[in-house]
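Colleague: Let me give you the structure first, and then I'll get to my questions.
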Amino acid sequence: MTEWQNATKTARAGVDKDPTHGSVTPPLYLSTNFSFEGFGKKRPYDYSRSGNPTRDELGAAIAALEGGYNAVITSSGMAALDLVFGQLLPDDLVIAPHDCYGGTYRLLNARSTRGHFKVLYADLTKTKDLPALFACKPKLVLIETPSNPLLRITDIEAVRKIAQRVGALVAVDNTFLSPILQKPFDLGADIVIHSTTKYINGHGDIIGGAVISKTQELHEKFVWWANCTGTTGAPFDSFLTLRGIRTLDLRVRQQNNSAGEIAEFLAKHPSVDKVHYPGLVTHPGHEIAKAQQKGFGAMLSIELKGGLDEVKSFTRNLELFSFAESLGGYESLVAHPSTMTHAAMDSEAQIKAGITQSMLRLSIGLESPQDLINDLDTALKFGNAGARAA
């Protein structure tokens, strides 16, 4: 499969591989357990927590897309992160982005407070500061690029070069772009993490995660721990995700194109103070994003001039954007990071990360981009009026 294009890999994920009946659609194996051939004669599968054919088919498909050795499918994106962090020892240090996803921040703080490992938050986009930062010899470096919700860009290859000198593993959360738009392994990453809930499934009907390893050795460690802790994903969720992955290439490319149009519109709107989108030439990470990505993605954040009052009015008057958490589905969403996705961060951490009360995060779906632009324009006009009235 390595020589195929993404569109082919996604369309053929798990297709026509059933050796028993020749089913074109991959079979769904819901069985909790699998019988032994006889005493001491175990088949490839024995218990679905340890291994399941449907789940393994999804893991192989995602690994092929990312260009990794193999993948462990977990019950959620947070479970995927925790599986990676679970490899650390009490004296090990993990360097994490200071503006990471709120759930990641919560997990890192909870684990480090309990003495499971040490954590240092840093701005990994400042490449010139990396040598001094890495002098503390971390065991693991977590990269989130583009970051959530600021859409900041980290130079993966630059981080990898310095991490390699001190023997640190590099893990990249690739949820925001999916393997369609970014291939962290090609840039030197050791581990790639996904919330498959988002773009990979794309239909808002499962919760899942994935940890993809560059090497067999790493993969086997994650397999062992996933079985030990029971963090593996459900077969039915894997089946639905395999179904979703077949349109991943089409969905992401369309959403990417729409987001570019919408970002350009919002950048010129008089009610919008800032637009955070790597596709804009004014974005500080634009050139790095252009070099290491195959598109700028379908996520963007905006800051409104009218502050929190305008934010409230704006969200009330949107028709095509659902006011909800999550991202990467066929439906367009708007979220208020400070009170929703990043509520686990205290106000000081939010300020340090650059998350303001006037910020909104947009996930662009598959609706007509012009309809979405019209909806945003109408809501901004109402929002601006509401802010003036307040």
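The values are calculated or read from the model by the stated rules, or taken from the named source; none is laboratory data. No experiment lies behind these values; they were computed from the predicted model shown. Don't worry about glycine lacking a Cβ; one is built from the backbone with ideal geometry, like all the others, and counts go over all protein chains shown.
The rows are residues; the columns are (1) buried (at least 20 other Cβ atoms within 10 Å of the Cβ); (2) assigned by TED's automatic domain parsing to the domain that holds residue 258; (3) farther than 21 Å from residue 101 by Cα; (4) out of contact with any helix residue (DSSP H, G or I) (no Cβ under 9 Å at 6 or more places or on another chain).
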{"site": "319", "(1), (2), (3), (4)": "no, yes, yes, no"}
{"site": "328", "(1), (2), (3), (4)": "yes, yes, no, no"}
{"site": "354", "(1), (2), (3), (4)": "no, yes, no, yes"}
{"site": "364", "(1), (2), (3), (4)": "yes, yes, no, no"}
{"site": "382", "(1), (2), (3), (4)": "no, yes, yes, no"}
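Colleague: From the list 260, 202, 188, 208, which one is closer than 20 Å to residue 65 by Cα, small (Gly, Ala, Ser) and free of Cβ contacts under 8 Å to residues at least 60 places away in the same chain? Can you show your working first?
Modeller: On the way: 260 fails: closer than 20 Å to residue 65 by Cα; 202 fails: free of Cβ contacts under 8 Å to residues at least 60 places away in the same chain; 208 fails: free of Cβ contacts under 8 Å to residues at least 60 places away in the same chain.
None of the other options fit; the residue is 188.
Colleague: Hey, another quick one. What are the residues in the range 135-157 that are of a type in the set (D, E, K, R) and outside any loop (DSSP other than H, G, I, E, B), if any?
Modeller: Step one: filter the range 135-157 for residues of a type in the set (D, E, K, R), giving 137, 139, 144, 152, 155, 157.
Scanning the range 135-157 gives 144, 157.
Colleague: Kindly indicate whether any position in the range 230-241 is under 25 Å from residue 372 (Cα atoms) and either in contact (Cβ under 8 Å) with a residue 40 or more places away in the chain or not polar (S, T, N, Q) (or both).
Modeller: The first filter runs over the range 230-241 and keeps only residues under 25 Å from residue 372 (Cα atoms), leaving none.
Scanning the range 230-241, I find no residue that is under 25 Å from residue 372 (Cα atoms) and either in contact (Cβ under 8 Å) with a residue 40 or more places away in the chain or not polar (S, T, N, Q) (or both), so the answer is no.
Colleague: So which residues in the range 1-60 are acidic (Asp, Glu) and part of a loop (DSSP other than H, G, I, E, B)? Before you say what the answer is, go through the steps one by one.
Modeller: If we filter the range 1-60 for residues that are acidic (Asp, Glu), which is where we start, we get 3, 16, 18, 37, 46, 56-57.
Matches in the range 1-60: 3, 16, 18, 37, 46.
Colleague: In the range 184-226, which residue that is among the acidic types (Asp, Glu) and assigned to a helix (DSSP H, G or I) is surrounded by the fewest Cβ atoms within 10 Å (Cβ to Cβ)? Can you show your working first?
Modeller: Restricting attention to the range 184-226, the residues satisfying the condition of being among the acidic types (Asp, Glu) are 186, 190, 205, 217, 220.
From what is left, the residues that are assigned to a helix (DSSP H, G or I) are 186, 217, 220.
Values: 186: 12, 217: 9, 220: 14.
Top of the filtered list is 217.
Colleague: Still on this structure, please answer the following. From 106, 160, grab the single residue that is assigned to a helix (DSSP H, G or I), within 17 Å of the chain's Cα centre (by Cα) and among the charged types (D, E, K, R). Show your work before the answer.
Modeller: Working: 160 fails: within 17 Å of the chain's Cα centre (by Cα).
Just one listed residue meets the conditions, 106.
Colleague: In addition: Residue check, residue 104 against (1) touching a His at 6+ places or on another chain (Cβ under 8 Å); (2) surrounded by fewer than 24 Cβ atoms within 10 Å (Cβ to Cβ); (3) within 14 Å of residue 193 (Cβ to Cβ), all met but one. Which one?
Modeller: Status for residue 104: all satisfied but (1).
Colleague: Now for a separate question. Please specify each residue of the range 335-367 satisfying the condition of being within 24 Å of residue 317 (Cβ to Cβ) and without any contact (Cβ under 8 Å) to a residue 12 or more places away in the chain. Talk me through it step by step, then tell me what you get.
Modeller: At the first step, the residues of the range 335-367 found to be within 24 Å of residue 317 (Cβ to Cβ) are 335-343, 355-367.
The answer is 339, and nothing else.
Colleague: Please verify whether residue 324 is in contact (Cβ under 8 Å) with a residue 40 or more places away in the chain, hydrophobic (A, V, I, L, M, F, W, C) and surrounded by fewer than 18 Cβ atoms within 10 Å (Cβ to Cβ), treating the condition exactly as stated. Outline the logic, then answer.
Modeller: Details: in contact (Cβ under 8 Å) with a residue 40 or more places away in the chain: no; hydrophobic (A, V, I, L, M, F, W, C): yes; surrounded by fewer than 18 Cβ atoms within 10 Å (Cβ to Cβ): yes.
Spelling it out, it is not the case that residue 324 is in contact (Cβ under 8 Å) with a residue 40 or more places away in the chain, hydrophobic (A, V, I, L, M, F, W, C) and surrounded by fewer than 18 Cβ atoms within 10 Å (Cβ to Cβ).
Colleague: I would also like to ask the following. For the range 278-305, what are the residues that are crowded, with 16+ Cβ neighbours inside 10 Å and in contact with an Asp or Glu (Cβ under 9 Å, 6 or more places away or on another chain)?
Modeller: Of everything in the range 278-305, those that are crowded, with 16+ Cβ neighbours inside 10 Å and in contact with an Asp or Glu (Cβ under 9 Å, 6 or more places away or on another chain) turn out to be 279, 280, 285, 288, 292, 302, 303, 304, 305.
Colleague: A further question follows. Among the residues of the range 134-183, what is the count of those that are of a type outside the set (Phe, Trp, Tyr) and farther than 27 Å from residue 363 by Cβ? Before the answer, list the steps.
Modeller: So the first thing to find is which residues in the range 134-183 are of a type outside the set (Phe, Trp, Tyr), and the list is 135-175, 177-183.
Okay, now just the ones that are also farther than 27 Å from residue 363 by Cβ, so 135-140, 157-158, 160-169.
So the answer is 18.
Colleague: For the range 278-390, please list each of the strands (runs of 3 or more DSSP E) lying entirely inside it that holds at least 1 residues being β-branched (Val, Ile, Thr) and in contact with a strand residue (DSSP E or B) (Cβ under 8 Å, 6 or more places away or on another chain).
Modeller: Details: elements: 299-304, 333-335, 359-363.
Counting at least 1 such residues, we get 299-304, 333-335.
Colleague: So, one more: Tally time: how many residues in the range 184-206 are among the acidic types (Asp, Glu) and either within 20 Å of residue 365 (Cβ to Cβ) or in contact with a Cys (Cβ under 9 Å, 6 or more places away or on another chain) (or both)? Even if it seems obvious, please write down each step before you answer.
Modeller: The first filter runs over the range 184-206 and keeps only residues among the acidic types (Asp, Glu), leaving 186, 190, 205.
Checking which are either within 20 Å of residue 365 (Cβ to Cβ) or in contact with a Cys (Cβ under 9 Å, 6 or more places away or on another chain) (or both) leaves us with 205.
The qualifying residues number 1.
Colleague: Ok, one more. Within the group 44, 97, which residue is within 22 Å of the chain's Cα centre (by Cα) and farther than 20 Å from residue 218 by Cα? First the steps, then the outcome.
Modeller: On the way: 44 fails: within 22 Å of the chain's Cα centre (by Cα).
That would be 97, the only listed residue that is within 22 Å of the chain's Cα centre (by Cα) and farther than 20 Å from residue 218 by Cα.
Colleague: Looking only at the range 237-277, filter to residues that are of a type in the set (Phe, Trp, Tyr) and under 21 Å from the mean Cα position of the chain (by Cα); which one of those is surrounded by the fewest Cβ atoms within 10 Å (Cβ to Cβ)? Working first, answer last.
Modeller: Quick first cut of the range 237-277, residues of a type in the set (Phe, Trp, Tyr) only: 239, 265, 277.
Keeping just the survivors that are under 21 Å from the mean Cα position of the chain (by Cα) gives 239, 277.
Details: 239: 22, 277: 27.
Among those residues, the one meeting the criterion is 239.
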